[in-house]
Each structure stands twice: as C-alpha cells, then as structure tokens.
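> Take this structure, written in structure tokens, and hold onto it; I'll ask about it next.
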Amino acid sequence: MCIFDKKFKSESMDFTEVYPEQVKTETQCGLSIAFFPDLPNEWQINLESRRYIGNKAKLSTWLSDILLESTNYYKDCDTFFDVFAGTGCIAKSMFASFKKVIVNDILHSNQVIYKAFFLKTAWDKAKVFNLLDTYNTLNTNKLPENYFSENFGGKFFDHKNAKLIGYIREDLEQRKREGELNEKEFCVLLATLIYNIDKIANTLGHFDAYIKKPIRHQTLYLKSIQPIEFEGIEIYREDANDLVRKVKADIAYIDPPYNSRQYNRFYHIYENLTEWKKPELFGVALKPKPENSSVYCTTKAKEAFQDLVENLDAKYLAVSYNNTYNAKSQSSENKIKLVEIEEILKAKGETKVFECDHPYFNTGKTEFNEHKELLFICQSIRN
DNA sequence: CTTCGATAGGTATGTCCTAG
DNA sequence: CTAGGACATACCTATCGAAG
C-alpha cells in the first residue's frame, strides 16, 4: 500500500521535506500527487494541458494585460464573464483580479471540467486518490467489452485502452448512482479521465476523424488533475445569447467560434463520455446525432453576434478575433468579417483594437503571412 | 560550451459529398 | 449553386540528450 494514504490526512505535512521520495512513490503506487503545491509540472495535469481548438492559453498573459489595463478594473470592476469559455483558461487567469468570475460553455464536457477544477465544495481527496490508484492497477486483460470499446476500440483508441476507458466510466457512473461519490468527486475523476485520454487519443487533437494508420499502443495512466478552486466562480451551460439576457458583468469576454467548425462534432467523444447515455452512433467517426451546434458556425453568425452584443449588460466588452478570413477552404473562413465586428462594437460604445503577432499553426496550404490575433475592447455606452 | 538530431507536443485546415 | 457536414490529415516548435 501507498504511504500516501496516511500522510495525506495530515494537515501539517511538510511537502518539501519528503518531496523526492514522494515523486518516486507516485510511479509505484499509482497515487497522484497532483494536488500538492510546488511540484514540477511533469507531475501535474493543469487546466492548460489540453488539446483544444482555438485554445487561448498561450495568449492569456497578453490578453489579461490589455484587458486589465484598459478597463480600469481595479477601480470599479468586480465581475468577469467569459461568455464562450472553452477550456476555461482565460477565466482562470482572472481569478486573482476579480471577486466573481462567470464561465459559460454549451458543452457538457466543459461543464464537468469547470466543476472539477474550479468549484469550491467539500470533497474527499484521499477517496479520489485511492480510486485512481485502483484504476491504474487494473488488469486490463480481464476487462469486459463495453459500449466504449465496442464503438471506439481500434479507432480513436486502441482496443485495450478503449475497454479500460469504458470500464472506468461505467464504474464512475455506478459509484455516483450509489452515492459513493459526490458531484465534485465525480467531476474530478471524470475530468481526470478526459485529460488523460486526450494524451493517448489516435487523433490530431480532436475527434472529427481518427488516424487510419495502425495505432501505436500507449499506456493509459491516470494522473490526477490539479484543481484551482475559486470561491467566486459561477458556472453555466447555456446558449450564450440566452444567458446574456440574464447575467450582469463588469467585463465580458467574447470568444465565439469563428468558422464553420462545430465544437460539438470535434469533441463528441467527451460529450458522449460525460453524458454517458450511450447514444446510437453514425458515420465513420461514430458521432451521435448533433446536439448543441453553434449558430456562430453558420451564416447567421453575424446576426447572432449583433444580438449578443446588444443584449450584453457589461461595462466593457472584450472580443477576440484573428484574421483568418482569407482561408482557401470555405470551412475555415471566418463567418463574421472584421469590419462587421467593428461596426457592431462601435454601435455599442467606444472601441479600441489591440493586436499581437501570433505564430500561427497551420496544417493546410493557405499562407497567413501576417497572422494576427486581435482583441477589441469596447467601453459600453450605458443608457 | 555549442551544435545537432530525435522526439514530444500542440494545433489547425483541405477536400469531397450531398441535401435543398 | 450554396452551405454545412463528413472524412482525413501535417507541420512547426520547444526541449532534451548526445556528440563534438
């Protein structure tokens, strides 16, 4: 058994003193030490360590600097509202500066991730550790076939890992049903599963398609996520245009999808795993019937954006944009033009634009010689 | 101490098909 | 013809260790 069981319960434990031994222990007993502060990054799974389309993690310093400087946040701003929060990285970077941070995203999986990382409710860490330990030491050869392995085995994951993932998810469901896990504990475990399978998925970062070449086996080992709990967090899973009619904020950050790529299609595996309703699946990529598609990925994007801005009750609006509007492929072309964004924001209030050279990543043949990440800051004219 | 090559990690688009 | 969905995938960069 692991020495951690006992030590973890001790409030006054000196982490630095026992630290090198603990790192070794971790690999042997499968118990994650990710909840311990001051450990090197390779032993933690952070909110940022996730593959996600349009991920703003690398821009968060630039973004928050501009945001905080240009909005006088320290004088009269208490509430930050991330309307399309995605990974939640930008929202997290605001915890130190605001009393209240509101996050919203339509995807179920992102919801679980916010609860796991941010929610400040009581949970039994030792229980979570022990369960992860159990999962990490399972004999994967003896696991039964299940929904996940039957559908995704040999495709998005190798068969062994798919069986393990399906087994763990089913086990979590049962423990939740029996009241053995509270919501926070369940979310931490499920988010941990999501973050770890992200690392071994047979894809190029999303689940719109899988790689057809033979799958290289990688061991699935669950390293615990490291929550950053925040008292002032408020979590929603609503249509952005509905939600803005209900909440108020000092600063609202708007980073919608800008091209026709639907996030619910990219991350259907996580949605499936989170909801665990075992839906019927279609097509080569085994996606369920579309749910929670975004109007921002369609030709109605401009109208939706206009409606959003008009109804948003915030002192400041910050809007992210990049100039990928001349892509060769129609699917990647921005649905809202730069001038349209400017126009809509200017009607709302005084608007400034900031730009940053963002080293673009591109698998295609379109050349973005001057790829820029833009940030609009609009000070709302309050009536 | 410097350079080079291997490897891991991260993120985006190209292209075809079909329904209306 | 158009829009959106389905299917498929590449390339750049940071890092680390070996070699010079």
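The values are calculated or read from the model by the stated rules, or taken from the named source; none is laboratory data. Predicted model, so just to flag it, every value in this text is computed and none were measured. Here Cβ is always computed from backbone atoms with ideal geometry, including for glycine, and neighbour counts include all displayed protein chains. All accessible areas refer to the heavy atoms of the entire protein, side chains included, with ligands and DNA or RNA removed. Shrake-Rupley method; radii C 1.70, N 1.55, O 1.52, S 1.80 Å.
> Of the conditions (1) of a type in the set (S, T, Y); (2) near DNA strand C (Cβ under 9 Å from one of its atoms); (3) in contact (Cβ under 8 Å) with a residue 60 or more places away in the chain, A:T192 satisfies every one except a single condition; which number is it?
(2)
> Every residue in the range A:255-285 that is farther than 19 Å from A:F148 by Cβ and surrounded by fewer than 18 Cβ atoms within 10 Å (Cβ to Cβ), please.
Within the range A:255-285, just A:R261 meets the criteria.
> Tally time: how many residues in the range A:327-357 are within 16 Å of DNA strand B (Cβ to nearest atom) and either surrounded by 17 or more Cβ atoms within 10 Å (Cβ to Cβ) or more than 24 Å from A:E69 (Cβ to Cβ) (or both)?
The total comes to 11.
> Follow-up question, since we're still on this one. Check whether at least one residue in the range A:333-351 is at pLDDT below 90, among the hydrophobic types (A, V, I, L, M, F, W, C), under 22 Å from A:S380 (Cα atoms) and within 13 Å of DNA strand C (Cβ to nearest atom), and report yes or no.
The answer is yes, given that some residue of the range A:333-351 is at pLDDT below 90, among the hydrophobic types (A, V, I, L, M, F, W, C), under 22 Å from A:S380 (Cα atoms) and within 13 Å of DNA strand C (Cβ to nearest atom).
> Now, a different point. Which condition does A:K246 not pass, out of (1) touching a helix residue (DSSP H, G or I) at 6+ places or on another chain (Cβ under 7 Å); (2) more than 16 Å from DNA strand C (Cβ to nearest atom); (3) not β-branched (V, I, T), if it passes all the others?
Unmet for A:K246, out of (1) touching a helix residue (DSSP H, G or I) at 6+ places or on another chain (Cβ under 7 Å); (2) more than 16 Å from DNA strand C (Cβ to nearest atom); (3) not β-branched (V, I, T): (1).
> Every residue in the range A:97-142 that is of a type in the set (F, W, Y) and open to solvent by less than 20 Å² (accessible area, probe 1.4 Å), please.
Passing the criteria: A:F98, A:Y114, A:F117, A:F118, A:F129, A:Y135.
> Among the candidates A:R265, A:R261, single out the residue that is farther than 15 Å from A:L375 by Cα, within 11 Å of DNA strand B (Cβ to nearest atom) and assigned to a helix (DSSP H, G or I).
Just a single option satisfies the conditions, and that option is A:R265.
> Also: Tell me which residues, restricted to the range A:69-85, are open to solvent by less than 10 Å² (accessible area, probe 1.4 Å) and either part of a helix (DSSP H, G or I) or not hydrophobic (A, V, I, L, M, F, W, C) (or both).
A:T71, A:D82
> Here is a further query. Of the numbered conditions (1) assigned to a loop (DSSP other than H, G, I, E, B); (2) open to solvent by 50 Å² or more (accessible area, probe 1.4 Å); (3) at pLDDT 85 or above, A:E310 satisfies every one except a single condition; which is it?
(1)
> In addition: Examine the range A:134-150 for a residue that is assigned to a helix (DSSP H, G or I) and closer than 21 Å to A:N46 by Cβ, and state whether such a residue exists.
yes
Each row is one residue, and each column tells you yes or no for (1) at negative phi; (2) buried (at least 20 other Cβ atoms within 10 Å of the Cβ); (3) assigned to a helix (DSSP H, G or I).
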site: A:K176; (1), (2), (3): yes, no, yes
site: A:C187; (1), (2), (3): yes, yes, yes
site: A:L190; (1), (2), (3): yes, yes, yes
site: A:T203; (1), (2), (3): yes, no, no
site: A:E231; (1), (2), (3): yes, no, no
site: A:N241; (1), (2), (3): yes, no, yes
site: A:A249; (1), (2), (3): yes, yes, no
